[in-house]
Amino acid sequence: MNKINSFNDADNHIALLLVKSAKQKLKKKNFIAALKDTDKAIKLNDKLSSAYFIRGEIFCSNDTFTVLTKLKNQENALKNYNIAIQIDPNSPENFEGRGKLYFMQAKYGAAKNDFTNAITLMKADSLILKPDPLDQFPLMSFSLFERRGQANFKLGQYEEARMDFSKVLELSELAEPSILSEIYSFNEIDILESRGYANLKCGYFKEAIDDLSLLLTESDNPSDFNKHLLRAVAYANNENYELALDDISTATNINENCFKENEHFLEDLPDDFKGILKIYLPQKYLEDLDLSI
């Protein structure tokens, strides 16, 4: 008879304790000791989904070896995540774990599918629409929307990306920023920049301006020339030409090679503004630009 996940069974109880121990050791990056605990847990109960999930996390997190060993670790991680999902296909944690691995491997479509499955299993959308102030902050929902947003961004699916990033920022308002930073690697600057670019690509120019302006206000490095160039594109498409020129001027003052380092700058500019640039920009900058784009 198969053992089941129940504290009534002594072996299963010990197995669960071993998984808990493995989690703690994983947090301390004691990978070998954590792996030994999961191996013992699986010997006691080979139907314990959480044991395979933690093994997947161990192999996925271990970045202390050579490139070849990392590839082998990723294979082992995938094998364990697959077993965890097979045993418990209703666990959002299992899908998020495998999604993180797929993202690491640049398999963004597969990563997006797993993050979507996890979001569906958690009913995370309804948590955002009707958050219960008495419930614990939905931290996993927070990470899932950010992860799926990044996958959408990598896939060039900017409309979906901007929606996911918006949900992340909505959720962030429900929690104390210091708590978020402590528990989860929340970086509002990165999310604002990604959503600003996604808004720009989708034609939401005013929203892009708002995001990038907030970004330049809150960033530890407000002189980042790339952000000024992005906002210049948003301003130009919103027909705020003087403000666009101001941002371009700021960018060139910060970095004279800014156009060489931003290959996509011209792609999203309106044609009439390119004509203005020919008049406005000094010759040394015009030489770096192909205004026929």
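Where a number appears in this text, it was derived from the coordinates with a stated rule and is not lab data. Because the structure is a prediction, the values reported are computed rather than measured. Here the Cβ positions follow ideal geometry from the backbone for every residue, glycine too, while neighbour counts run over all protein chains shown.
Of the listed pairs LYS79/LYS201; LYS36/LYS167; LYS27/LYS201; LYS36/LYS70; LYS154/LYS278, which have alpha-carbon separations greater than 30 Å here? Each step should come with its number before you reach the end.
Numbers: LYS79/LYS201 37 Å; LYS36/LYS167 39 Å; LYS27/LYS201 38 Å; LYS36/LYS70 19 Å; LYS154/LYS278 33 Å.
Listed pairs above 30 Å: LYS79/LYS201; LYS36/LYS167; LYS27/LYS201; LYS154/LYS278.
What's the extension gain from LYS40 to LYS274 if we count 0.36 nm per residue and subtract their Cα-Cα distance? Don't skip to the answer; put the middle values down first.
Values: separation 234, 0.36 × 234 = 84.24 nm, distance 6.58 nm.
Taking LYS40 through LYS274 to full extension adds about 77.7 nm, to one decimal.
Are any of the pairs LYS20/LYS72; LYS29/LYS227; LYS112/LYS274; LYS28/LYS107 more than 30 Å apart by Cα-Cα distance, and if so, which? Before the final figure, lay out the partial values.
Values: LYS20/LYS72 25 Å; LYS29/LYS227 36 Å; LYS112/LYS274 37 Å; LYS28/LYS107 28 Å.
Pairs exceeding 30 Å: LYS29/LYS227; LYS112/LYS274.
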Can you compute the FRET efficiency between ASN221 and THR69 using 1/(1 + (r/R0)^6), with r the Cβ-Cβ distance and R0 = 35 Å? Round to the nearest 0.05. 0.50
Would you give the gap between the C-alpha center of region 17-65 and the C-alpha center of region 144-168, rounded to a whole Å? 30 Å
What length, rounded to one decimal in nm, is gained on full extension from ASN262 through to ASP246, with 0.36 nm per residue of separation minus their alpha-carbon distance? 4.0 nm
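Of all chymotrypsin sites (Phe, Trp or Tyr not before Pro) in region 17-125, which ones are in loop regions per DSSP and have a Cβ with at most 16 other Cβ atoms within 10 Å?
Working: sites: PHE31, TYR52, PHE53, PHE59, PHE65, TYR81, PHE95, TYR102, PHE103, TYR108, PHE115; in loops: PHE65.
Taking region 17-125 and a limit of 16 other Cβ atoms within 10 Å, the loop chymotrypsin sites (Phe, Trp or Tyr not before Pro) found are PHE65.
Sorted by packing (mean other beta-carbon atoms within 10 Å per residue), highest first, where do 206-214, 253-261 land?
On the way: 206-214: 20.3, 253-261: 14.8.
Result, highest mean Cβ count within 10 Å first: 206-214, 253-261.
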